[in-house]
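The values are calculated or read from the model by the stated rules, or taken from the named source; none is laboratory data. If you're wondering where the values come from, they're calculated on a predicted model, not measured in any experiment. Virtual Cβ from ideal backbone geometry, glycine too; neighbours counted across all protein chains shown. Accessible surface is based on the protein model in full, side chains and every heavy atom, while ligands, DNA and RNA are left aside. Shrake-Rupley method; radii C 1.70, N 1.55, O 1.52, S 1.80 Å.
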Amino acid sequence: MIGGSTAETELAALSPWTDRAPAITASERTARMDRACDLTQKLGADALLVDAGASLRYFTGLPWGQTERLVSMLLVPGRMPIMICPHFEIGTLEADLAMPVEIRSWQEDEDPVALVIDALRQIGAKTLAIDPELPFHFAERIRAAETLRLVDAMPVIKQCRMVKSAAELALMQQAKSMTLAVHHAAARILRPGIHQSEVVRFIDAAHRRLGASGSSFCIVQFGEATAYPHGLPGDRALEEGQLVLVDIGCTVEGYHSDITRTYAFGAVAQDIRDIWAIEKEAQQAAFDAVRPGEPCENVDHAARVVLAKAGLGPDYALPGLPHRTGHGIGLSIHEPAYLVRGDRTPLEPGMCFSNEPMIVVPGRFGVRLEDHMYVTEGGARWFTDPQASIDRL
């Protein structure tokens with residue numbers, strides 16, 4: 001249903017999620033590190049340096065983002081991981097870590113890079129695989145201080161994180177199911193005159209009521225603003241006969257949801273309905289194109305074939321699809337691999353993607369339907385059911 005309720009009524013109907021997926025176990029994290037060590041050796045490196053952020057969380061459970069202070073893990077085959085961190089953070093670090101590590105700390109007036117260099121000297125490292133997310137100035141200081149060959153660790157990290165385990169899929173399923181419930185509730189609170197900011201505040205509160213730590217992002221657009229993939233600045237009020245585009249997500253244990261719905265608030269023109277139907281057909285074509293062993297770019301191509309037959313595009317020309325069909329998702333909201341021309345990464349069971357071949361009609365409106373799917377031996381499977389029609393979710 002679209003409209004007819006209030007934020008107070010909808011929030012009161014929400015309660016903490018009961019079917020909660022279990023956290024990632026220490027044994028799974030150990031297996032991740034073992035695989036990373038194996039891939040590091042195959043890359044020809046002696047050690048892997050992983051910086052704070054999603055990849056460090058993937059291996060250790062540490063939910064820390066990057067700051068100006070170096071917090072990194074040195075992963076060396078055959079020995080306990082070495083964690084480099086500020087001394088005053090040790091207590092918090094130990095509370096957040098999901099597995100044992102050797103901690104080497106530095107005081108505020110000391111150089112953390114010296115700890116990395118010292119550890120590398122102890123193991124006799126000649127080649128270091130560097131997390132591509134490590135700030136450039138840290139990498140250059142490591143290079144300058146030691147006769148090391150630095151190589152890009154992206155192949156290691158990508159191979160580890162790209163294919164999700166059953167436990168990861170369960171956490172992602174919970175996040176996406178929660179966000180879909182919030183979508184339905186948000187649609188019900190719409191009324192003429194409601195501002196985008198009111199809907200944004202409701203969505204964040206609704207995610208929190210379900211047990212997420214709020215919305216990880218939230219885009220709410222009305223009318224012409226839907227023609228811009230990430231919206232326009234300002235706080236518009238909703239009018240009868242407008243399209244509504246809502247793109248939202250949350251996280252569960254760090255794993256993301258990211259679902260978009262586009263629907264009519266009242267009566268809209270027939271050409272808008274026609275474009276909506278083409279969008280749905282393109283989304284289904286992308287889903288149907290998923291086959292293990294096929295390159296990722298084939299999925300993007302399948303969606304664009306539908307658009308081209310409808311006279312849209314070609315390529316990125318508008319009216320048409322101005323961006324890739326989808327992105328990988330997990331601990332990062334956008335991560336490899338990508339459903340785009342040129343990405344020939346073979347599809348594998350366990351890979352997870354958004355499916356969102358948006359259609360933009362410049363100056364008028366845009367339609368984006370975004371759900372997520374994961375690859376199985378027999379093809380794709382939806383995490384959430386796609387939108388039923390332009391008039392209902």
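Residue-level check: of (1) buried (at least 24 other Cβ atoms within 10 Å of the Cβ); (2) hydrophobic (A, V, I, L, M, F, W, C); (3) assigned to a loop (DSSP other than H, G, I, E, B), residue 331 misses just (1). Scanning region 344-392 for residues that are touching a Cys at 6+ places or on another chain (Cβ under 7 Å), open to solvent by less than 10 Å² (accessible area, probe 1.4 Å) and assigned to a loop (DSSP other than H, G, I, E, B) yields a total of 1. Within region 283-298, residues that are under 13 Å from residue 351 (Cβ atoms) sit with their Cβ atoms under 7 Å from residues that are of a type in the set (Val, Ile, Thr), at 6+ positions apart or across chains, in these pairs: 290/299; 290/375; 292/375; 295/345; 296/345.
Do we have residue 168 as in contact with a Gly (Cβ under 7 Å, 6 or more places away or on another chain), under 30 Å from residue 349 (Cα atoms) and either of a type in the set (Gly, Ala, Ser) or open to solvent by 40 Å² or more (accessible area, probe 1.4 Å) (or both) here? When the stated conditions are applied, residue 168 does not pass them. Within region 81-110, the set of residues being part of a loop (DSSP other than H, G, I, E, B) and either at pLDDT 95 or above or open to solvent by less than 60 Å² (accessible area, probe 1.4 Å) (or both) comprises 81, 97, 98, 99, 101, 107, 108, 109, 110. Picking from residues in region 38-70 that are more than 18 Å from the chain's Cα centre (by Cα) and of a type in the set (Lys, Arg), the one that is nearest to residue 95 (Cα to Cα) is 69. In summary, helices (runs of 4 or more DSSP H) completely within region 5-74 and bearing 3 or more residues that are within 14 Å of residue 96 (Cα to Cα) and at pLDDT 95 or above occur at 54-60.
Restricting region 272-298 to residues that are more than 23 Å from residue 227 (Cβ to Cβ) and of a type in the set (A, V, I, L, M), the residue that is least open to solvent (accessible area, probe 1.4 Å) is 290. Among residues of region 199-214 that are under 18 Å from residue 5 (Cβ atoms) and touching a residue at least 12 places away in the same chain (Cβ under 8 Å), those with a beta-carbon under 8 Å from a residue that is surrounded by fewer than 22 Cβ atoms within 10 Å (Cβ to Cβ) and of a type in the set (Phe, Trp, Tyr) at least six positions away or on a different chain give the pairs 210/17.
Taking region 65-80 as the range and being open to solvent by 40 Å² or more (accessible area, probe 1.4 Å), touching a helix residue (DSSP H, G or I) at 6+ places or on another chain (Cβ under 8 Å) and over 22 Å from residue 34 (Cβ atoms) as the test, only 69 passes.
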